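Here is the structure we will look at.
Since every read-out is calculated from the coordinates, none of them should be taken as a lab result. None of these values were measured; they are calculated from a predicted model. Neighbour counts are summed over all protein chains in view; Cβ atoms, including those assigned to glycine, are modelled from backbone coordinates with ideal geometry.
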Amino acid sequence: METKQFKAESKRLLDIVINSVYTHREIFLRELISNASDAIDKIYYKALVDESLNFEKDDYYIKISYDKKNKIIKIYDTGIGMTKEELDDNLGVIAKSGSLQFKSENETKDGYDIIGQFGIGFYSAFLVADTVTVISKAFGSDQAYKWESKGIDGYTIEQCEKDSVGTEIILKIKENTEDEKFDEYLDEYKLKGIIKKYSDFIRYPIKMDITKSELKEGSETEYEDYIEEQVVNSMVPIWKKNKNELTNEDYDNFYAEKHYGFDKPLKYIHTSVDGIISYNAILYIPENIPFDFYTKEYERGLELYSNGVLIMNKCADLLPEYFGFVKGIVDSEDLSLNISREMLQHDRQLKFIAKNIKSKIQKELSSLLKNDREKYEKFYNSFGKQLKYGVYSDFGRNKEDLQDLLMFYSSKEKKIVTLDEYISRMPEDQKYIYYASGESNERIEKLPQIEIVLDKGYEVLYFTDDVDEFAIKMLMAYKEKEFKSISSDDLGIDTEENEKSSDTNDEYKELFENMKDILSDKVKYVRASKRLKRHPVCISNEGDLSIEMEKVLQAMPNNQNIKTDKVLEINTNHDVFKALTEAYEKDKDKLKLYAELLYNQALLIEGLTINDPVEFTNNICKLMT
Ligand code: ADP
């Protein structure tokens with residue numbers, strides 16, 4: 001017999017599981033049945049693709065039994081089993097690595113988050129048992145092994161006897177405590193109820209010995225008990241059931257059983273398509289961003305079944321990248337079982353299904369936006385960024401499909417609005433859809449450039465995500481209205497300042513050229529501003545690449561040091577301008593000082609870093625003394 005230690009992370013998880021005051025202990029059965037079903041899936045698949053293997057339909061089943069007197073519950077399956085190494089590897093280590101690191105010390109304390117949100121798989125056995133024994137014989141092996149653990153202290157593995165391939169899990173149920181009655185699980189009615197609740201849709205029979213009674217032979221009043229083995233679950237997979245027979249709870253339970261996400265799904269989509277290619281699918285939009293969504297570990301994709309047999313856990317080809325947050329399963333009779341991953345990519349049927357699924361999700365999101373705004377906004381706060389990536393990616397191929405789903409914060413409404421809503425409010429003289437980019441709504445609101453547009457009574461959309469401007473550049477226009485950055489050269493707004501500025505530019509040509517020389521290649525021009533009202537200076541850009549976009553590109557790992565063409569705009573109505581002209585006439589050193597100060601100020605307002613902060617502060621001191 002070998003005695004081993006759990007890996008450090010598993011130990012911590014076990015500690016949480018054993019000591020938590022978790023109210024949903026009954027999920028242990030769901031987790032263990034789900035593992036059993038996965039194990040049968042594996043052998044079922046083997047038998048289907050290997051003709052030399054002879055299996056009958058009756059060979060696949062799960063059996064749950066209990067022994068009240070000895071406080072034991074057994075979960076028996078005819079699945080693929082585990083070798084000695086697999087027992088060691090699979091049960092000694094927590095599979096969901098990362099889920100623990102993600103949670104802070106505090107959150108893991110009562111265990112609720114971990115257990116409820118991540119699902120704890122096999123270790124959930126310790127929610128109800130103080131000793132867990134696993135007897136398993138792997139497919140293709142002659143020797144069976146017994147794995148046993150009493151919790152944190154480790155586990156043992158030794159050889160044992162077992163006739164058939166498969167796994168049996170034996171739970172020694174905990175003693176009752178003052179607060180909790182663990183022996184309630186040692187009850188036929190209770191166990192049956194838990195199976196019905198969580199595992200009804202498991203495709204293999206879940207059997208139990210059910211006690212029944214019948215009239216004693218020869219008697220008309222006396223009954224006697226007898227045992228009959230019954231299949232407790234309905235066995236029809238949920239996606240093959242009629243929608244009308246299913247409740248929200250059924251969908252939520254399936255989501256939890258599959259460990260698709262945290263909490264409850266925000267929305268589910270159940271679709272059955274009958275045609276040249278038939279399939280059933282259940283898709284979920286999670287409420288929250290999965291904790292690992294923006295990490296390399298996140299694998300997008302849907303579970304793929306061929307007529308009830310699992311062929312792939314995460315089929316990425318079924319979902320466009322921007323819908324990568326969608327979870328769920330697709331089952332089609334028209335897919336070949338033997339298809340390899342490489343071939344799937346080019347499979348015509350699969351492409352057809354993927355296309356349908358994409359437009360289905362799109363339609364459902366549109367209807368959510370129309371019919372349940374609050375829910376849509378919740379969705380958008382979690383995954384709106386993905387839609388914007390969708391507009392931008394693939395050379396804008398999907399922009400038409402996605403543009404109506406976009407939302408941005410509005411200066412007018414002080415909340416997110418759709419582009420259509422924006423357009424519908426546009427005054428007649430307004431030519432463009434205006435937007436402003438920045439780090440936060442608060443900062444954008446204070447940008448000097450925005451004043452003139454807001455004063456004109458126009459609505460401005462605030463862009464605070466890195467991807468926003470890139471997506472909009474791809475879109476170019478919405479319903480024939482072009483997008484216009486508030487920092488762009490020509491705002492299309494007629495004002496007095498506007499008309500004056502070209503004269504002013506001529507009048508002060510030399511001053512501006514002089515300032516440009518001082519600032520050299522930091523700016524492309526210096527000129528009189530058409531848009532500034534109360535602020536003395538700002539920076540705008542010439543050409544397509546905005547300052548916000550420059551920031552994003554500069555932050556990329558192998559950036560090409562791409563710079564925007566910056567223009568320093570001066571408010572010629574501001575007192576500062578008077579000081580500038582005076583300095584230009586009388587004191588060239590002062591002009592240099594002023595030009596640099598104003599340039600750096602403009603950078604700071606824009607949220608850019610200044611090259612030499614020490615020099616900047618020294619210059620301010622110079623002014624003061
Ligand atoms: P998960 O099921 O999420 O991978 P678990 O902790 O529940 O995590 O199980 C770990 C692994 O142990 C499984 O992936 C599987 O390989 C193996 N396993 C668990 N239960 C069984 C079983 N009844 N039959 C065969 N293998 C099993």
Quick query: amide H of C315 versus all other amide H atoms, modeled in the peptide plane; which residues come in under 5 Å with a sequence gap of 5 or more or a different chain? L302, E303, L304
When the dipole is taken about the Cα centre of region 372-493, and only Lys, Arg (+1) and Asp, Glu (-1) are charged at their Cβ, what size is it in debye, to the nearest 20? 180
How high is the relative contact order of the chain, in percent, counting Cα pairs under 8 Å that sit 6 or more residues apart? 8
As an exercise, use a Förster radius of 60 Å and the Cβ-Cβ distance of K68 and D612 to find the FRET efficiency, rounded to the nearest 0.05. 0.15
FRET efficiency, 1/(1 + (r/R0)^6) with R0 45 Å, evaluated for N371 and M556 via beta carbons: 0.70
Which order do the peptides 71-79, 350-358 come out in when sorted by mean C-beta neighbours inside 10 angstrom, highest first? 71-79, 350-358
For the charge dipole of region 507-578, defined by +1 on Lys and Arg C-beta atoms and -1 on Asp and Glu C-beta atoms about the Cα centroid, which residue among T564, V523, F577 has the Cα displaced farthest towards the positive pole? F577
For region 402-504, state which GluC sites (Glu not before Pro) are in a DSSP loop and have at most 15 other beta carbons lying within 10 Å of their beta carbon. E413, E428, E439, E480
About its Cα centre, what dipole magnitude does the chain give when the only charges are +1 on Lys and Arg Cβ and -1 on Asp and Glu Cβ, stated in debye to the nearest 20? 740
Descending packing, highest mean Cβ count within 10 Å first, for 272-282, 128-138, 294-304 is 128-138, 272-282, 294-304
So how much slack lies between R425 and Y294, counting 0.36 nm per residue of separation and subtracting their Cα-Cα distance, in nm? 43.6 nm
Mean separation of Cα contacts under 8 Å (at least 6 apart) over the residue count of region 481-625, i.e. the relative contact order in percent, is 23
Under a crude label model (7 Å from the Cα following the beta-carbon direction), how far is I210 from H346 in nanometres? 5.2
For region 499-577, size of Cβ-based charge dipole, Lys and Arg +1, Asp and Glu -1, in debye: 300
Could you quote the convex hull projected area for the chain, Cα atoms only and averaged over all directions, in nm²? 40.4
Roughly speaking, what is the centre-to-centre gap between region 392-425 and region 556-625 when only Cα atoms are used, to the nearest Å? 36
Sequence-distant residues sharing a close amide H with I210 (under 5 Å, placed H): E228, E229, Q230
Quick one: which of K378/K481; K46/K207; K456/K484; K456/K533; K388/K412 span more than 20 angstrom between C-alpha atoms? K378/K481; K46/K207; K388/K412
Arranged from highest to lowest average of other beta-carbon atoms within 10 Å per residue, in what order do the peptides 160-166, 141-147 appear? 141-147, 160-166
Check each of the trypsin sites (Lys or Arg not before Pro) in region 200-236 and keep only those in coil by DSSP with at most 14 other C-beta atoms within 10 angstrom; list them in order. K216
Rounded to the nearest 500, the 222 nm mean residue ellipticity computed for the chain from DSSP H runs (n ≥ 4, each -39500 (n - 2.57)) alone is -11000 deg cm²/dmol
Plugging the Cβ-Cβ distance of K412 and K42 into 1/(1 + (r/R0)^6) at R0 = 56 Å yields, to the nearest 0.05, a FRET efficiency of 0.45
Length gained when the stretch S359-E513 is fully extended (0.36 nm per residue, less Cα-Cα span): 49.9 nm
What does the extension gain come out to for D153 and D490, with contour length at 0.36 nm per residue minus their alpha carbon separation? 114.1 nm
At V93 and N19, where each label point lies 7 Å from the Cα along Cα→Cβ, what is the point-to-point distance in nanometres? 2.6
Can you tell me, using C-alpha contacts under 8 Å and at least 6 residues apart, the relative contact order of region 372-493 as a whole percent? 29
